[in-house]
1. If I filter segment B:164-176 for residues that are among the small types (Gly, Ala, Ser), open to solvent by 10 Å² or more (accessible area, probe 1.4 Å) and assigned to a helix (DSSP H, G or I), do I get at least one hit?
2. Give me the pairs, please: first residue somewhere in segment B:100-126 and farther than 19 Å from B:SER57 by Cβ and at the interface with chain A (Cβ under 9 Å from one of its Cβ atoms), second residue anywhere and open to solvent by less than 20 Å² (accessible area, probe 1.4 Å) and assigned to a loop (DSSP other than H, G, I, E, B), beta-carbon distance under 7 Å, and either six or more positions apart or on two chains.
3. Given the criteria at negative phi, at pLDDT 90 or above, touching a strand residue (DSSP E or B) at 6+ places or on another chain (Cβ under 9 Å) and of a type in the set (Gly, Ala, Ser), does B:ALA151 qualify?
4. Can we say B:ALA145 is in a helix (DSSP H, G or I) and more than 9 Å from chain A (Cβ to nearest Cβ)?
5. Given the criteria in contact with a Pro (Cβ under 7 Å, 6 or more places away or on another chain), within 12 Å of another protein chain (Cβ to nearest Cβ) and part of a helix (DSSP H, G or I), does B:VAL84 qualify?
6. Give the number of residues within segment A:110-153 that are within 14 Å of chain B (Cβ to nearest Cβ), part of a helix (DSSP H, G or I) and surrounded by fewer than 17 Cβ atoms within 10 Å (Cβ to Cβ).
7. Among the residues that make up segment A:66-81, is at least one of them closer than 14 Å to A:ALA118 by Cα, crowded, with 22+ Cβ neighbours inside 10 Å and aromatic (Phe, Trp, Tyr)?
Amino acid sequence: METLLSIVFIYIFVDNFVLHRFFGVCPFLGVSRKMDTAIGMSMAVIFVMAMATLVTWLLYTYVLVPFNLSYLQIVTFILVIASLVQLVEIVLRKISPTLYQGLGIFLPLITTNCAVMAVALLAVRQEFSLVESVVFAIAAAIGFSLALVIMAGIRERLELAKMPDVLQGSAVTLITAGILSMAFLGFKGMLSL
Amino acid sequence: MSKETSLYLKDFTRGILKENPVFVALLGMCPLLGVTGFIVNGFGMGMAAMAVLVASSLVVSLLRNYIPPQVRIPCFIAIIATFVTVIDMVLQAFQPVLYEALGVFVPLIVANCVILGRLEAFSSKKPVARSFFDAVGAGIGFTLALVLLAAVREIVGHGTILGPDPESAIHLFGPNFEPMALFALPPGAFIALGLLLAVVNMLMKRFNI
């Protein structure tokens with residue numbers, strides 16, 4: 001229980017996936033322009049990351065390792081993630097059209113989100129157990145969402161600010177992300193596994 | 001210059017400056033920010049990504065008439081993943097120090113949107129030779145961005161070039177130099193890239209690129 005709680009705290013605050021580990025920076029910059037899209041993307045990421053880590057962990061432990069195939073890790077993981085995203089999209093469209101309308105457009109984007117791949121790889125590399133892996137994935141996804149939502153809030157106001165031409169757009173967004181990352185640096189060293 | 005050569009030259013130079021995958025298209029941010037603590041790591045990452053990009057772009061271009069358009073993305077991903085596995089093993093065997101420094105970012109080349117972007121936009125439609133030049137150009141453009149950002153971060157954040165290995169590291173400012181450690185830390189990566197982008201924007205506007 002204690003380990004699980006510290007995993008949650010560490011990967012939301014101390015070792016935030018976007019701001020300290022640089023996983024998933026592309027969607028972080030891409031969809032943080034508006035609050036509603038940021039929240040939609042966050043939900044989709046939490047869902048997919050938990051599912052993907054669950055499947056890849058089981059596959060790695062019960063198929064790849066016993067058959068000495070761990071060199072196929074990269075190929076299997078990315079294909080599992082890509083097909084899982086497709087599957088989730090199809091199932092969601094059938095079961096819950098309202099949810100699909102909310103998350104639908106974000107799902108294809110997730111395939112190129114390296115945070116999903118990173119969480120699956122790290123769960124295996126750090127030798128987490130199944131429960132720990134899933135908790136780790138959810139915590140990492142919540143950390144990603146937290147950063148995304150904060151950033152969206154800042155960017156909505158940033159639209160109105162006056163600044164030099166050359167800074168407009170991505171440059172100022174990156175500098176803002178840097179300052180946000182500095183704020184999260186305050187958690188550094190609070191907890192470690 | 002024959003018409004063909006100038007076409008190749010155009011494909012080649014496009015990715016370096018005019019459509020630089022980082023400075024113009026803002027792709028491949030994760031490895032860019034993650035490994036640029038030192039120039040050596042940035043350059044190694046650039047080379048690894050370029051190798052994967054060139055190899056997979058050749059294969060995709062060769063197979064472009066055989067891959068069904070409905071399932072092209074999974075096919076591209078499978079091809080990329082194959083070459084990433086190869087690079088992962090090669091680095092582990094021949095460059096263990098670099099492999100250790102790049103860490104999980106080596107397998108993550110598979111999710112690098114620069115590569116998938118080039119395959120989708122160019123190699124899947126164009127002949128092999130043109131795809132090759134386009135891939136090399138985009139690879140050089142990506143490496144250029146990595147090395148530039150790494151140079152800023154290493155010089156300001158550590159005061160050295162060619163670190164972190166103490167044997168090859170050259171201290172630029174003498175023993176009393178106090179490096180600005182922020183630039184070696186994660187926030188510095190974001191801030192340095194933001195400022196670099198602003199400078200590139202300014203230069204591009206000035207010279208009308």
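The values are calculated or read from the model by the stated rules, or taken from the named source; none is laboratory data. Computed from a predicted structure; not experimentally measured. As a convention, Cβ positions derive from the backbone with ideal geometry for all residues, glycine included, and neighbour counts pool all protein chains shown. Each accessible area value is taken on the protein alone, full model and side chains, heavy atoms only, with ligands, DNA and RNA left out. Shrake-Rupley method; radii C 1.70, N 1.55, O 1.52, S 1.80 Å.
1. Taking segment B:164-176 and keeping what is among the small types (Gly, Ala, Ser), we get B:168-169, B:174.
Filter again for open to solvent by 10 Å² or more (accessible area, probe 1.4 Å), leaving B:168-169, B:174.
If we keep only those that are assigned to a helix (DSSP H, G or I) as well, we get none.
For segment B:164-176, residues among the small types (Gly, Ala, Ser), open to solvent by 10 Å² or more (accessible area, probe 1.4 Å) and assigned to a helix (DSSP H, G or I): absent.
2. B:PHE105/B:VAL35
3. yes
4. Taking the combined requirement at face value, the residue satisfies it.
5. On the way: in contact with a Pro (Cβ under 7 Å, 6 or more places away or on another chain): yes; within 12 Å of another protein chain (Cβ to nearest Cβ): yes; part of a helix (DSSP H, G or I): yes.
For B:VAL84, the condition - in contact with a Pro (Cβ under 7 Å, 6 or more places away or on another chain), within 12 Å of another protein chain (Cβ to nearest Cβ) and part of a helix (DSSP H, G or I) - is met.
6. Of the residues in that region, 1 qualify.
7. yes
Each row is one residue, and each column tells you yes or no for (1) buried (at least 18 other Cβ atoms within 10 Å of the Cβ); (2) within 13 Å of B:MET45 (Cα to Cα).
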{"residue": "B:ILE77", "(1), (2)": "yes, no"}
{"residue": "B:ALA81", "(1), (2)": "yes, no"}
{"residue": "B:LEU91", "(1), (2)": "yes, yes"}
{"residue": "B:PHE94", "(1), (2)": "no, no"}
{"residue": "B:PHE105", "(1), (2)": "yes, yes"}
{"residue": "B:ILE109", "(1), (2)": "yes, yes"}
{"residue": "B:ARG118", "(1), (2)": "yes, no"}
{"residue": "B:SER124", "(1), (2)": "yes, no"}
